[in-house]
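Chemist: Can you read through this structure? Questions will come right after.
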Amino acid sequence: MNVSSADQHGQLMLSQPEPGHALGPVADDWEAAEVWLAAVARKSGNRSTATRDTYGYHLAKLRWYCENVGRVTPSRWNMQDVEDFYKFLEDLPEDGLCAMGDGRYALPGEAGYTPFRKRPAKSSQADIQRFVHALLKAWHSMGYIRINPMALTGTMSARKINVERSISEAVFDIVLSTLASSEVVSFSERQRQLRDVFILTAFKELGLRASELVGAKMGAFYQLIDPATRNRYWIFLVTAETGKGAKERRVPVTRALLASLMVYRQAFGLSALPTHGDNTPLLLSSRTQVVRIGDKKIKHVNDRRFFGAWHAIGTRQGLYKIVKERLALAESFLGTAGQSALAAELERASPHWLRHTFAKTALLKGQSMREVASLLGHASVDTTMIYTDQDALDLVRALERTSPETIAVEQPITA
C-alpha cells in the first residue's frame, strides 16, 4: 500500500471532501455515493432499478475494500490508490472471499462476510472499474473532490458477449433429467425440485436475464387471444420495473415451460395456472414466513403452509446459487459417465449461459435476427448478431458476387 496516502498506523483515513461542494450535507464518502446513486436513478427517467441495484453491489465492494484493505476512502485517493485497487481486483486474496458456513454465505455483520463471493472475472473487474470511474467523475464535477485520481487512468474494455458460453440442447436435457430424477425425501425437497425445474426451463425457454426472473410476479404469465383464429396463447411479460433500460417485452410461452409452471405452482398449494394481476412472487422459497391472525402468531410450519406464507427468492445471488447447485448435479453425473469435457463445461456454466443457449437455439431454428433481438430485449440487432457469423457470411456473399473464384468453398453433396 502506498504509505504516502494511507495512515502509517493502519487507521482508516476518513473522507476529505472539498469545502463548498454541491452534494449537500453528507457525512462521509458513502453518503456522497448514495446521493450520486439517487441522481443516477432519477436521471434514467424510468422505473427500472437494475442499474441502481448493480451500482449498489459495486459500491459495497468498493467500501469493503476501502475499510478493510486499502484503508483510504475514495475522496483521498491518488493514482497509486487506484492502481492498488486494480491489483486487488486482479488477484483477490483468499481472505477477501465471503466465508461459507452451514451451506450458506456469511451475511453482512457476520464474521467472514465480504461482498466478494468469488474472484471477479475480467469482465466483472471492468464493470467495477467503470463504476468507480463514473463515481469519481461525478464527485469531481460537483466539487466534492478537487482532482479526479482516475482522470489519467483508463478502465478495462467493455464487457463483450462470449458466444461460446452456452450449452447444447442435449446437455440441457441431461441437466433437467438429472434434476427431475434426483431423490427427494421430504415435502420441502420436492417443492424445491419442481421449482428449480421451472427456473431452468424458464431461463432456457424465455431467454431472461436473472434480474428479470427474480423480479417477476406470477401475473407476468397471461393469455393472449389471436382475433383471427380465436386461439389462446400464453405470454410472459417482462415489465419496465425489471427489464433492462425499463423496456417492456413479451415472450411467447412454450408448452414445456407452461407444464413446469403448473406442477411447480401446485406443489406450493397454488392453482395450476396464475390469474390476471397475481402479485405472488414468481420464485418461491420452501421456507415460510410468520403468519398472524389478530394477535395470535401461527407457529406450526404446516399451518403456515396452509396459508401459503412462502418466502421468495428475491436476489440474483440466491438465484445464481440455485442454478449452480442444479448444474453441479448434472456435472457429477457426466463426470461419473466419463463425459469429462461436458462436465467441465457445466462447471463453468451460469444462469446467463442459459440465456445465450436460448439465443443460439432460436437462431439455429430459423427465427429472424429481428425476432430474436425482440425476444432477448436487445436494443440493437447488432448485439444479437454476435450469436451468429452473420458478418462473415455477408463478406463471403460479397466475394461470391465479385470474385467467386477466390473463395475456398465446398459444394453440398447431392443425392
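The values are calculated or read from the model by the stated rules, or taken from the named source; none is laboratory data. Since we're looking at a predicted model, the values are computed, not measured. Reconstructed Cβ throughout: ideal geometry from the backbone, glycine too, with neighbour counts over all protein chains shown. Ligands, DNA and RNA are excluded from the accessible area calculation, which covers all protein heavy atoms including side chains. Shrake-Rupley method; radii C 1.70, N 1.55, O 1.52, S 1.80 Å.
Chemist: How much length is gained on full extension from S350 to D95, taking 0.36 nm per residue of separation minus their Cα-Cα distance?
Modeler: Taking 0.36 nm per residue and subtracting the Cα distance, the gain is 89.4 nm.
Chemist: Would you calculate the separation in nanometres between label points at Q11 and T275, each defined as 7 Å from the Cα along the Cα-to-beta-carbon direction?
Modeler: The answer from the label model is 6.4 nm.
Chemist: Expressed as a whole number of Å, what is the distance separating the alpha-carbon centroids of segment 191-263 and segment 332-351?
Modeler: Taking the Cα centre of each part, segment 332-351 and segment 191-263 sit 28 Å apart.
Chemist: How high is the FRET efficiency from R119 to F187, r the C-beta distance, R0 30 Å, rounded to 0.05?
Modeler: 0.20
Chemist: For V40 and T229, calculate 0.36 nm times their separation in residues minus their Cα-Cα distance, and state this gained length in nm to one decimal. Kindly include the intermediate steps, with their values, before the conclusion.
Modeler: Working: separation 189, 0.36 × 189 = 68.04 nm, distance 4.59 nm.
Using 0.36 nm per residue and subtracting the Cα-Cα distance, I get 63.4 nm.
Chemist: When all protein chains stay in place, what accessible area (Å², nearest 10, 1.4 Å probe) is found for V185?
Modeler: 110
Chemist: Another one. Using a probe radius of 1.4 Å on heavy atoms only, what accessible surface per residue do you get for segment 165-274? Whole Å² is fine.
Modeler: 45
Chemist: Under the 0.36 nm per residue contour assumption, what length would be gained going from the current alpha-carbon distance of N78 and E18 to full extension?
Modeler: 20.1 nm
Chemist: At a Förster distance of 56 Å, what's the computed FRET efficiency of K87 paired with E241, Cβ-Cβ distance as r, to 0.05?
Modeler: Step by step, r from the Cβ atoms, then E = 0.90.
Chemist: Order H276, H352 by their accessible area, 1.4 angstrom probe, all chains in place, largest first.
Modeler: H276, H352
Chemist: When the accessible area of segment 224-289 is computed with all protein chains present and a 1.4 Å probe, what percentage of it is carbon and sulfur?
Modeler: Carbon-and-sulfur percentage of accessible area, whole number: 55.
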